[in-house]
Structure formats: C-alpha cells, structure tokens
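The values are calculated or read from the model by the stated rules, or taken from the named source; none is laboratory data. Keep in mind the model is a prediction, meaning the values are calculated, not measured. Note: ideal-geometry Cβ built from the backbone for every residue, glycine included; neighbour counts use all protein chains shown.
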Amino acid sequence: MQSVVDLEFQMQGLSKSMFKRLLLNIEDRYDILFAMVSKLNPKFKAHLSVGWKTLRETDELFLLSYSIVH
C-alpha cells in the first residue's frame, strides 16, 4: 500500500492518522510489516517517526520493518 498526501494537506497529521487506522484494521492478522523506501524520498524520516525500523539499505533503498506486536 502506498499513499500520497497532496501538498496542501501535508503537515496536518493526515499520514499518521491513516497509518494508525491501517494498524487497527490489520493488527489481528499480521505481526510485522515490511516496506521499501527510496533513498531519494525526502519524506523518509516520517517513516521513522511513526516507529518503522531500518533493517538494511541498498544503494537505492531503505528496507524497513514495523512490529505490530507490542
């Protein structure tokens, strides 16, 4: 899944709200999520701010995980 938030709606917490809603809908089905984020993505740090962890990186990508089990 990927989402893009238009510039006029950024910095309003919309992405975090969407992510929290996603977690509520999948927490009983999955223990961990994985994602790949381009190193060219200027919003990469937003992933870290909601709890994603960097597993590895390649020349072009960050490979991330998010643990749903707490």
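Taking the condition in contact with a strand residue (DSSP E or B) (Cβ under 7 Å, 6 or more places away or on another chain), outside any loop (DSSP other than H, G, I, E, B), surrounded by 10 or more Cβ atoms within 10 Å (Cβ to Cβ) and among the small types (Gly, Ala, Ser), does ALA35 pass? Don't jump to the end; show me each part of the working.
Working: in contact with a strand residue (DSSP E or B) (Cβ under 7 Å, 6 or more places away or on another chain): yes; outside any loop (DSSP other than H, G, I, E, B): yes; surrounded by 10 or more Cβ atoms within 10 Å (Cβ to Cβ): yes; among the small types (Gly, Ala, Ser): yes.
For ALA35, the condition - in contact with a strand residue (DSSP E or B) (Cβ under 7 Å, 6 or more places away or on another chain), outside any loop (DSSP other than H, G, I, E, B), surrounded by 10 or more Cβ atoms within 10 Å (Cβ to Cβ) and among the small types (Gly, Ala, Ser) - is met.
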Would you confirm whether any residue within the stretch 10-27 is touching a residue at least 40 places away in the same chain (Cβ under 8 Å) and among the β-branched types (Val, Ile, Thr)? yes
In the list LEU48, LEU63, which residue meets the criterion of being surrounded by 12 or more Cβ atoms within 10 Å (Cβ to Cβ), touching a Lys or Arg at 6+ places or on another chain (Cβ under 6 Å) and modelled with pLDDT of 90 or more? LEU63
Within the stretch 6-16, identify whether any single residue is charged (D, E, K, R), exposed (fewer than 12 other Cβ atoms within 10 Å of the Cβ), over 12 Å from the mean Cα position of the chain (by Cα) and in a loop (DSSP other than H, G, I, E, B), and answer yes or no. yes
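For the structure I just gave you, tell me whether ARG56 is modelled with pLDDT of 95 or more and out of contact with any Ser or Thr (no Cβ under 7 Å at 6 or more places or on another chain). Quick ask: steps written out before the conclusion?
Numbers: modelled with pLDDT of 95 or more: yes; out of contact with any Ser or Thr (no Cβ under 7 Å at 6 or more places or on another chain): yes.
Taking the combined requirement at face value, the residue satisfies it.
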